[in-house]
1. Quick check on my filter: what residues within the range 353-381 are within 19 Å of Leu230 (Cβ to Cβ), surrounded by 21 or more Cβ atoms within 10 Å (Cβ to Cβ) and modelled with pLDDT under 90?
2. Which condition breaks for Arg111 when tested against (1) surrounded by 14 or more Cβ atoms within 10 Å (Cβ to Cβ); (2) farther than 17 Å from Glu71 by Cα; (3) not aliphatic (A, V, I, L, M)?
3. Any chance you could count how many residues in the range 199-249 are more than 17 Å from Gly382 (Cα to Cα), at pLDDT below 85 and not charged (D, E, K, R)?
4. List the residue pairs whose Cβ atoms are under 9 Å apart, where the first residue sits in the range 19-32 and is over 13 Å from Ala175 (Cβ atoms), the second is polar (S, T, N, Q), and the two are 6 or more positions apart or on different chains.
5. Going through the range 1-52 one residue at a time, which ones are among the hydrophobic types (A, V, I, L, M, F, W, C), assigned to a helix (DSSP H, G or I), under 24 Å from Ala119 (Cα atoms) and at pLDDT below 90?
6. Taking Ala333 as the residue in question, decide whether it is more than 18 Å from Pro212 (Cα to Cα), part of a loop (DSSP other than H, G, I, E, B) and modelled with pLDDT of 80 or more.
7. Among the residues of the range 226-235, is any out of contact with any His (no Cβ under 9 Å at 6 or more places or on another chain), closer than 23 Å to Arg359 by Cα and of a type in the set (Val, Ile, Thr)?
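The values are calculated or read from the model by the stated rules, or taken from the named source; none is laboratory data. Remember, it's a predicted structure, so these values are computed and weren't measured experimentally. Note: ideal-geometry Cβ built from the backbone for every residue, glycine included; neighbour counts use all protein chains shown.
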Amino acid sequence: MITATQVRRHWWIPAGAAALGAAAALALSMTATPSYTAQSSLLFGLGYSGSATDANQGAAYTLTQVPTFAELATSETILDPVRRELGLDDSVARLAGRLEVSTPPGTSVLRISATHPSAGEAAAIANAVAAEVREYVTATAPVDDELGPLYSVSTIDSADAPSRPSSPNTALNIAAGGLAGLLAGIVLAFWRNSTDTRIRTRSDLSSIAPVPVIGAVRNGHGDAPSLDSLTRLAVRLRHALDADAPSTRATGAPEGPEGPEGSSVVLLTSATPRGGTTALARGLAETLGGRVVGRPDAGGSEIANGETQGLRHAIDESRTSGSIVLVDTPPVASDAAALTLATASDPAADAVVLVVDARHAKGRHVLAALDELNGVGASVLGVVLNRAQAADAPGSTHRDHTPKHDATAARDSLAEPRDEADADTGAGTPERRPAGVFGYFAKTKGGEAGV
């Protein structure tokens, strides 16, 4: 089913195709050789009649003969003399192609139309063919010694040189070209929509992610997240973590002076190389009054390779602050730091949030990142759509009508061992119980209610 958002997304395709079709039709019309059409008409009647009955019978007979005269007008018998008279270079067949002979229903009128690039030639051909038909019919009609020929043929309209070309019809061509382009554009837009896997909206993300969509963040000034979006995301994130804090804390992690609620560690990682996790982590930390752990290296990655041991120590120290700790890690696809810190056998963080950049991410990126995290048994809290469009971010009038995924099924799919070997080695690892977090999203319909 095509939604209104998808129509707005691809509106430019049919619009552009319609404009292109109209422009192509205009160009063809402007470059086409103009043609002129001239028409002459003949009236066939009965040459004589003895009574009213004879006149009616004669008129009916004439009607039956007019189609024969129409066929005669395009025959070699008529056209060959016309060619010689006008000095035309056209063959009989080509000259016949320039003619259109018609008979209005129920009449004895024969209309002869000639089309030619020259207006004068078109009129000359139409008049010459009409004259030749009139002479031929008169000459071959039965003749009474006293009354004369059976048929009378008269010219009722002589062809004049037209002042305007009959083709091309520029206005009609533009309309037809625009309509054809529009139809082609609609087909192309449907095809593009069916093959487009880019993640632009929360609906796109909800349709493929087997975990809850925590929220969407739009940009404010420059590339920085907007304060309103950060505030809403922070409230929902804290609410989710507080729903069942013991089940999301890493086993063996020390409790801060304010208890486990204030010392949750959330690992942020991106599904694409340009996820914007650094700006998002800093903004969330300021909003939550928490801390950011992780440091950019020269290449722009949040954590240099090989520094996870030192980072673990920094995380443990940060837990004592009693505030939420956000661990800013490189993208899953380009660095193993997030997987190392999130592994179920020795987790450094209580939960993982996957950041999806609306400007660069595709469905395969999201699924690949979740598969990597699932492979190490990471406790994935959910996904966040970063750099979302204003209409799709929290605080707008947009409402996400996509049905929420079943939280229990999502939890089971993430917690399921990859194979028997993984299941055996998992004995003795700390039990992960994300039911409280997923239960929160299930009961509050994705975190919308109660926030």
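1. Passing the criteria: Asp357, Ala358, Leu381.
2. Here Arg111 meets the rest and fails (2).
3. Residues meeting the conditions: 8.
4. If the second residue must be polar (S, T, N, Q), the pairs left are Leu28/Asn173; Met30/Thr170; Ala32/Ser167; Ala32/Asn173.
5. The one that is among the hydrophobic types (A, V, I, L, M, F, W, C), assigned to a helix (DSSP H, G or I), under 24 Å from Ala119 (Cα atoms) and at pLDDT below 90: Met30.
6. Yes; evaluated as a whole, the condition is true for this residue.
7. The answer is yes, given that some residue of the range 226-235 is out of contact with any His (no Cβ under 9 Å at 6 or more places or on another chain), closer than 23 Å to Arg359 by Cα and of a type in the set (Val, Ile, Thr).
Yes or no, residue by residue, for (1) modelled with pLDDT of 80 or more; (2) polar (S, T, N, Q); (3) surrounded by fewer than 18 Cβ atoms within 10 Å (Cβ to Cβ); (4) not in a loop (DSSP other than H, G, I, E, B):
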{"residue": "Glu255", "(1), (2), (3), (4)": "no, no, yes, no"}
{"residue": "Val266", "(1), (2), (3), (4)": "yes, no, no, yes"}
{"residue": "Asp297", "(1), (2), (3), (4)": "no, no, yes, no"}
{"residue": "Ile303", "(1), (2), (3), (4)": "no, no, no, no"}
